[in-house]
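The values are calculated or read from the model by the stated rules, or taken from the named source; none is laboratory data. This structure is a prediction, so every number in the text was calculated from the model and none was measured. Neighbour counts are summed over all protein chains in view; Cβ atoms, including those assigned to glycine, are modelled from backbone coordinates with ideal geometry. Areas reflect the complete protein model, heavy atoms only, side chains present, ligands, DNA and RNA absent. Shrake-Rupley method; radii C 1.70, N 1.55, O 1.52, S 1.80 Å.
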Amino acid sequence: MSRLAGLRERRHRHLLLLMGVLALVLLELLLVYTFKRSFTIDVGQPGDTAFVSSFNVDEGDVGYRYRWSTGRSEVNFLGSGSASPMAVTVHAQGPRLPDASPTITMSLFLNGVPLSPGEVTLTDMMLPYTFGFDDPLGSGNVPSPPYVLTISTSTFTAPGDTRTLGAKISSATLLLQSGGTSLPPLDLTVWVLLLAAGFVGLVTPIRGAIGVGLSVLIGILLGIAVYALPHYTAAYLQPIAMVVALGGLLVWQRRHIPRWPRVADIPHTWPRAATWTMLGAMLIFTAVALWALPQVVWIGHADYAENANVARNFVEGRGLTVDYIAQFYTDYPGITHPAETWPLLQPLIIAPFFAVLGATTFAAKLPNLFILLALVWAVFVLASRLWDARVGLIAGLFTLLHPYFFNAVLYPINDLAFTAIFFVLAWLVWRSLDQPAQSTSHIPYNALGIGLLAGLLIWSKPSGATLLLGLLLWAFLVWWRRPRASKFDLPWRALAAVGVAFALVLLPLVARNLLAFGKLFYSTESLDAWILRFYPYHDWEDIYKVYVGAADYPHPRWVVGGKFGYQNLLNAILINFRWVWERGSDMTKSDFIIAPVPFLGAVVGFVALSRRVAGLFIMVAISIAIYGLFVLFYWHFEGRYFQVAIPWLYMLLAWAIVWLWDRVRAVLPDATWRRASFVALPLVTLAFLLPSLVELQNYLKFDTRPTSFTVAMDWLSQNSTPDDVVMTRDPWELNWHSRRKAVMIPNDDLATIRRIADQYGVTMLQLGGPADGININACPPDGSASSGYPTGTRKALGKLYCGYEMPGFQRVYQNGDLTIYRLTR
């Protein structure tokens, strides 16, 4: 008894020591960032690749090292505090050539915001150049962290050197405001605390004052390291912290490691532990998402932005409308018109959040966070019921951390709601078929839920009708296999409830289509399809040609008649199937669905299913197969269209892991599986989760970075009036961020572009951006060249992409490849 009391006392001491050291380190971090307001990146020093991009290789000179910029280079101030920026100082030097050196100019942008004094001319000496802000600190034009410095310079080519050179850059210093609060970056704080915890674990064998002293000393040294090298700590600490933390855990638990195998069985023997673990993981995920969402300031491209635009107009009492002309299949009397391209459920989901929180980018993205949490919980519950809590927990974690689903939280797309609706709908249909109601004296709630969700699936995506076809086909097969005597003993009330609920949900959508378009269903995508049937053999941008009044109007006969050749049609379809493998299995691509090894694991899980549960997955497979064939033949491949299959594949994968685990345990001697168990269930699960965690970290790293597009839209909203109409390749995003009416630049000749501009009263032109960027460094040094101008998607606009004026186009703004012109007539 005394020995047990001694063990508990030591545990309490270790816990108190750990909490004390973590509190000390956290206090140090707060103090460090309270007093440290200057952060310097030494460009050209070893290890600087974590902070710099688009530079040439590092070189050395007498007394300093440097890198040549390439015309538009970036310095990322990793590890800097959260206070507002005061100034930026760059040590730069122009060329020093034997002959006459070209004049090199330099301008700086912090998070896309241009810094004052604008453009400076560099000398052939390494000198400091300090830039500030035109607006007073505290105005809306001051950047917020994370801070990324863009160094824009003119370029030249030295004799005997094929590289594009700008300026020598040896250092960049960010000076933050001296007053107010400055907090450390969240990711840096987490990794420093994890490193401190690992070191405390490593010194636990050292008892007494020496162990306590070492722990405190380690905490102090960590604070000093962050103060001295904040950027290197932020960039390179993570792998070190993970290794030290794992080592500390093993040392701290060295006496208890033989008991660890029992941990894998806790969710099975104590299901409540799995529930709390799942809730804890969802809570952590929510905290990370809420930290990231305010930093992802871009709304997203095309349908992402339109969802927010339609929701904003709806909340403002203007109906389901948009304030831009995106395509030219129909002439509208004005620019504002009913939304005619993408489904309407996502805007209606966003609208209540706008009504409560205001029409902001953050509020537009918030609904998908709740939808993902609901989907994950549904996966956890269903998998736990089909098998046990271990499978539910693993399947829930896989779904929670899928990279696409996290991307769907960062941007307001409708695929996540589509996936969640089908998941619950398929579950209800299978449960109703698996356990038919014994009594028809009342209307089962399942029937109402099925009808409601089936209608919402069509609201979310009209292509969801093909998923419903698969469910109906399975229901027919179940009915067909019933004994002949009971074939007509059907739950008519339940079937009527499904039909009535389905019709009532669809009725508002049908009514709106009839009032807005005079048709039961209308979408410009039904016209796009005949153009995109030949993509990539037919230019994607041709969906933005002017088709009003054209004899060559998109029509199904383009396909049936073989307008572009049946071989091209066959190639366009086959490339969709090839992309399912090439793009859908690569986690680094935006079209990622599932990697080959997890997919094979899901196949193993399917083989191991019981006959009853196999019915559910066969029903789902039939539905998704019909849907997938429709998408690949009629439309085109994008990975997000197939995310509807992910929760089901992950449930099969989780079941395969647990099934194999149990089989291995059953055949191995007890002592052997105990020794081997540590590398079995927990580590196999972690191995499948690790790639997702790495990809999520990339999202947090790159998607939270500022975009020059939103900065340009801020400028546009401040330097134009509500009467201005802007022509752009990105009307959806421009309208959201600037609230200016917009018109797509037609993918036609200059005369057609001018005609459309006159028709809709266009007053400004915006080039560059998410889908229209160019390599600005490839522009000729002046606008007199007759050719050689890099262009974006609209070749007819020629040198306008490089910022050079043409008759009728007066340049009023330029930041890199983003240029805005005012039209003069």
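Model label points for THR752 and ARG96, set 7 angstrom from Cα along the Cα-to-Cβ axis, are 5.5 nm apart. With kT/(6 pi eta Rh) evaluated at 10 °C and eta = 1.306 mPa s, and Rh the Kirkwood radius from Cα pairs, the chain diffuses with a coefficient of 52 µm²/s according to Stokes-Einstein. Mean sequence separation of contacting Cα pairs (under 8 Å, at least six apart), scaled by the length of the stretch 532-572, corresponds to a relative contact order of 51 percent. The modelled label-to-label distance for the pair PHE370/GLN435, using points 7 Å beyond Cα in the direction of Cβ, is 2.9 nm.
Contact order for the stretch 531-643, expressed relative to its length and based on alpha carbon pairs under 8 Å spaced 6+ residues apart, stands at 28 percent. Here's how it looks for SER171: its modeled amide H is under 5 Å from those of VAL43, HIS91, which are all 5 or more places away or on a different chain. Per residue, the chain exposes 45 Å² of solvent-accessible protein surface, assessed with a 1.4 angstrom probe and all protein chains in place.
Across all directions, the average projected area of the convex hull around the alpha carbons of the stretch 139-210 is 11.1 nm².
If you sort LYS461, LYS519 by accessible surface, 1.4 Å probe, largest first, the order is LYS519, LYS461. Could you report the accessible area of VAL607 in Å², rounded to 10, computed with a 1.4 Å probe on the protein chains as they sit in the structure? Surface open to solvent at VAL607 totals about 110 Å². Can you work out the FRET efficiency for the pair VAL684 and ARG612, with r the C-beta to C-beta distance and R0 = 25 Å, to the nearest 0.05? Efficiency at R0 = 25 Å is approximately 0.40.
Give the carbon-plus-sulfur fraction of the accessible surface of the chain in %, rounded to a whole number; probe 1.4 Å, heavy atoms of protein chains only. Answer for the chain: carbon and sulfur cover 65 percent of the accessible area. Per-residue extension of 0.36 nm, minus the Cα-Cα distance of ALA666 and VAL243, leaves a gain of 149.0 nm for this segment. Rolling a 1.4 Å probe over the protein chains gives GLU638 an accessible area of about 40 Å². Rounded to two decimals, the Cα radius of gyration of the stretch 684-760 over 2.2 N^0.38 Å is 1.71.
Separation of the stretch 389-404 from the stretch 25-83 is 38 Å, based on Cα centroids.
Counting only DSSP beta bridges whose two residues both lie in the chain, roughly 85 percent are antiparallel. When each of the peptides 289-298, 806-815, 143-152, 97-106 is scored by the mean number of other C-beta atoms lying within 10 Å of its residues, the order from highest to lowest reads 143-152, 289-298, 806-815, 97-106. Using a simple spin-label model with pseudo-atoms 7 Å out from Cα toward Cβ, SER717 and LEU477 lie 5.2 nm apart.
The lysine pair count for the chain, using Cα distances under 30 Å and pairs eight or more places apart or on different chains, is 26.
The relative contact order of the chain, computed from alpha carbon pairs under 8 Å that lie at least 6 residues apart in sequence, is 12 percent.
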